[in-house]
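Below is one structure, written out as structure tokens, with a few remarks after it.
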């Protein structure tokens with residue numbers, strides 16, 4: 001298994017700036033662009049694991065999102081710098097369950113959280129398939145580096161109206 005010493009804990013290798021076209025009629029980032037920003041951050045994690053365009057070209061395999069949930073915490077506006085923290089919660093031979101946090105990079109506050117499950121897919125058959133051994137080892141090494149972090153409070157959160 002690859003060494004976990006150099007794996008960022010949490011993974012924090014993606015930053016972004018809130019773009020003007022992401023702003024809605026309320027003057028803050030539109031919810032659709034939270035999905036876009038989290039998707040780009042997820043892509044950074046998948047590339048780190050080794051699932052990138054050369055991998056897709058070479059193997060005919062890639063990833064699909066199987067489930068995705070966002071919890072909005074505090075708004076961000078045009079020009080705000082963002083930093084994303086990610087961690088692998090669990091994994092198996094076909095799936096990666098991971099958690100993402102979006103922070104305002106200057107003020108430090110948590111803007112949003114997301115939870116996702118990514119599926120490894122044979123792109124020609126459009127079917128979920130096991131990771132090849134070298135990718136599975138990399139996924140497992142990231143999980144091993146992250147498994148000691150405390151579980152996020154909103155992990156598995158259900159949507160519901162809170163009665164007062």
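The table that follows gives values for the structure above.
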item: Number of positions in region 9-35 that are within 21 Å of residue 95 (Cα to Cα) and either in a helix (DSSP H, G or I) or without any contact (Cβ under 8 Å) to a residue 12 or more places away in the chain (or both); result: 1
item: Count of residues meeting criterion [more than 24 Å from residue 10 (Cβ to Cβ) and either assigned to a helix (DSSP H, G or I) or out of contact with any strand residue (DSSP E or B) (no Cβ under 8 Å at 6 or more places or on another chain) (or both)] in region 48-64; result: 6
item: Qualifying residue in region 45-61 (condition: surrounded by 13 or more Cβ atoms within 10 Å (Cβ to Cβ) and within 15 Å of residue 114 (Cα to Cα)); result: yes
item: Some residue of region 135-154 being over 20 Å from residue 10 (Cβ atoms) and buried (at least 21 other Cβ atoms within 10 Å of the Cβ); result: no
item: Unmet requirement for residue 67, which otherwise passes all of (1) at pLDDT 95 or above; (2) surrounded by 14 or more Cβ atoms within 10 Å (Cβ to Cβ); (3) closer than 22 Å to residue 155 by Cβ; result: (2)
item: Residue 112 being farther than 21 Å from residue 141 by Cα, part of a helix (DSSP H, G or I) and in contact (Cβ under 8 Å) with a residue 12 or more places away in the chain; result: no
item: Of all residues making up region 9-43, the number that are within 23 Å of residue 149 (Cβ to Cβ) and either crowded, with 18+ Cβ neighbours inside 10 Å or in contact with a helix residue (DSSP H, G or I) (Cβ under 8 Å, 6 or more places away or on another chain) (or both); result: 11
item: Region 132-151 - residue that is in contact with a strand residue (DSSP E or B) (Cβ under 9 Å, 6 or more places away or on another chain) and without any contact (Cβ under 8 Å) to a residue 60 or more places away in the chain and, of those, farthest from residue 56 (Cα to Cα); result: 147
item: Scope region 73-90; condition assigned to a strand (DSSP E or B) and exposed (fewer than 15 other Cβ atoms within 10 Å of the Cβ); matching residues; result: 81, 90
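Listed here are the residues, each with its yes/no results for (1) touching a helix residue (DSSP H, G or I) at 6+ places or on another chain (Cβ under 8 Å); (2) under 18 Å from residue 52 (Cα atoms); (3) at pLDDT below 95.
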| residue | (1), (2), (3) |
| --- | --- |
| 78 | yes, no, no |
| 86 | yes, yes, no |
| 91 | yes, no, no |
| 95 | no, yes, no |
| 106 | no, no, no |
| 112 | yes, no, no |
| 122 | no, yes, no |
| 126 | no, yes, no |
| 131 | yes, yes, no |
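The values are calculated or read from the model by the stated rules, or taken from the named source; none is laboratory data. Just so we're clear, the structure is a prediction, and the values are computed from it rather than from any experiment. Note: ideal-geometry Cβ built from the backbone for every residue, glycine included; neighbour counts use all protein chains shown.
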